[in-house]
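For reference, the structure discussed in these notes is given below.
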Amino acid sequence: VYTFVPNATVYDRTKRENINYLAWVDQGWIETTEGNTQDDEAILNKIVDIKRQNNVKLVAYDPWSSATIASKLHSDFDIDVLKVQQSLSVLSEPSKFFEKIVCDGILLDNSNPVFAWALDNTNIYRDSNDNLRPHKGKSKGRIDPVIAAVNACAGYKHWLVENESIHFLNDGISYI
């Protein structure tokens, strides 16, 4: 999971949230972008670089803040994209899949402190029909990397349905 923070906000976030973003930036766990707001161009360029280095089949995204990036990925770079609405009905199945691959030890990056921190901040909202999704609950910390991973799971599950004969996880290779 890649995490981006506007450079102009790193120091204030460190003070306000009492989380050492500065150390994570220095250690390469967080990538800073120019300015004080989300830099769509920097994020777009990172995704394109990842696509060039890996066999990326699909990019799943939260439409709230990534619609412009998704549109450019599809139109300018011919990368398939999947809009993942952040509703309980849409996120339940990928959340269950994410929970399973984390609990089964298939996906767990213990070396990434930003992801581990986000995972610690994550609560599970579960309704009476056993639908679930990640939720901040009363945590003051961020869960964005976990949401990004769940979105990736939604993309993976969607891609498997579209390509029924391919099952990466059964072959011992897992890319999300």
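Just so you know, all these numbers are worked out from the coordinates, no wet-lab data involved. Bear in mind that the values here come from a model prediction, so they are computed numbers and not experimental data. Using ideal geometry, Cβ is built from the backbone for each residue, glycine included, and neighbour counts are taken over all protein chains shown.
Defining a contact as two alpha carbons under 8 Å apart and six or more residues distant in sequence, what relative contact order in percent does region 1-149 show?
So the answer I get is 20 percent.
Quick check on the chain: what are the equivalent-ellipsoid semi-axes from the Cα gyration tensor, as sqrt(5λ), descending, whole Å?
After diagonalising the Cα gyration tensor, the semi-axes are 25, 22, 16 Å.
Out of residues 5 or more away from L82 or on other chains, whose amide H comes under 5 Å of its own, with H placed 1.01 Å from N in the peptide plane?
Hits under the 5 Å cutoff: V59, A60, Y61.
Tell me, which longest segment in the chain has none of the GluC sites (Glu not before Pro) that fall in DSSP loops with at most 16 further Cβ atoms within 10 Å?
Within the chain, the longest run free of exposed GluC sites (Glu not before Pro) spans 35-163.
Which loop-located trypsin sites (Lys or Arg not before Pro) does region 99-162 contain, where loop means any DSSP state but H, G, I, E or B and the Cβ has at most 12 other Cβ atoms within 10 Å?
Taking region 99-162 and a limit of 12 other Cβ atoms within 10 Å, the loop trypsin sites (Lys or Arg not before Pro) found are K138, K140.
When the helices in the chain are scored as -39500 (n - 2.57) per DSSP H run of 4 or longer and the sum is shared across all residues, what 222 nm value do you end up with, to the nearest 500 deg cm²/dmol?
-15500 deg cm²/dmol
Just add up the charged neighbours of A42: K/R +1, D/E -1, any other residue whose Cβ is under 13 Å from the Cβ of A42.
That sum, taken over residues with Cβ under 13 Å, equals -4.
Can you tell which of D49, D80, D40 shows the greatest fluctuation in a Gaussian network model of the chain with Cα springs below 10 Å?
Between D49, D80, D40, it is D49 that shows the largest mean-square fluctuation.
If we restrict to alpha carbons, what Rg and Dmax does region 11-115 come to, in Å?
For region 11-115, the Cα-based Rg and Dmax read 16.1, 41 Å.
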